[in-house]
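Okay, so here's the structure we're looking at.
Any read-out appearing in this document is the output of simple, stated calculations on the displayed coordinates, not a laboratory observation. What you are looking at is a predicted structure, and each value in this text was computed from that prediction instead of being measured. Here the Cβ positions follow ideal geometry from the backbone for every residue, glycine too, while neighbour counts run over all protein chains shown.
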Amino acid sequence: MIRIFNSRTAKTSPREIDAMFRLRKRVFHDFLKWDVSVRDEWEIDNYDAANPLYVLSYSETGRLRGSLRLLPTLGPNMLDDTFPVLLDGSPEIRSASVWESSRFCIDPEISQDRASNQVTVAAAELMCGVGELSLASGLSHIVTVTDVFLERMFRRMGCPGERIGAPHRIGSVFAVAVAWEVTEDLLERMKAVATIDGTVLEQAMSLETARAA
């Protein structure tokens, strides 16, 4: 199940948001050893102050399995403002029809919770949740900054995307910018690969209604 939080509902759900920031620290700082900003037991950066949406995946027992962050490219975002080198000289992406996904992470302890085709359930659910939100909002594309390992995982999930530029070594990883065209076909393909039936969202909504909730 996918639950969506905005900056306002995050304040009324402190346990859920605390769990998300703690998971991000465990994944990005402790496990992957990325050079990220850490505050006590949280991984948190300046983009978390830019009115993002948080997409959280929960198990049937209510355990947080994974999360990601969504930001409009018309405002501050990682690709344009922190990693423009990954654009490889292409113009900045500033469009109301393009949003950025970032901080995609899965709880390492349940990373082996896979469908019969070896796709991680939480990862597929997160991507399908973004797909449902994007279609309901009339977006044209989702962009992200990721590493080449996660890029391969996205391919296995049926959503390969298109590289915006060549990979670059940033810190300890080879990073790459990827764009996905938002289509019904892509969403249905991801659900078929992960054997997901029906909606993954706890409540159907668009990005606009999610931000206003």
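Within straight-line reach of residue 191, meaning a Cα separation under 12 Å, sit the following aspartates and glutamates at least 8 residues removed in sequence or on another chain: 125, 132.
In loop segments of segment 114-202 as defined by DSSP, there are no trypsin sites (Lys or Arg not before Pro) with at most 11 further C-beta atoms inside 10 Å of their C-beta.
Only aspartates and glutamates eight or more places from residue 11 in sequence, or on another chain, were considered; those with a Cα closer than 14 Å are 48. With both labels modelled 7 Å from their Cα along Cα-to-Cβ, the residue 74 to residue 11 distance reads 2.3 nm. For residue 25, a cut-off of 12 angstrom between C-alpha atoms picks up these aspartates and glutamates, skipping any fewer than 8 places away in its own chain: 35, 40, 41, 43, 45, 107. Return a whole-number percent for the relative contact order of the chain, with Cα pairs under 8 Å and 6 or more residues apart as the contact set. That works out to 22 percent. Near the amide H of residue 170, within less than 5 Å, lie the amide hydrogens of 175, all on another chain or at least 5 residues away, with H placed in the peptide plane. Kirkwood hydrodynamic radius computed over segment 2-212 comes to 17.2 Å, based on all pairs of distinct alpha carbons.
Fully extending the segment from residue 199 to residue 1 would add 70.4 nm, taking 0.36 nm per residue of separation and subtracting the current Cα-Cα distance.
Rounded to the nearest whole Hz, the Karplus-based 3J(HN,Hα) values (6.51 cos²θ - 1.76 cosθ + 1.60, θ = phi - 60°) of segment 176-185 follow the sequence 8, 9, 10, 10, 10, 6, 7, 9, 4, 4, with x at glycine and proline.
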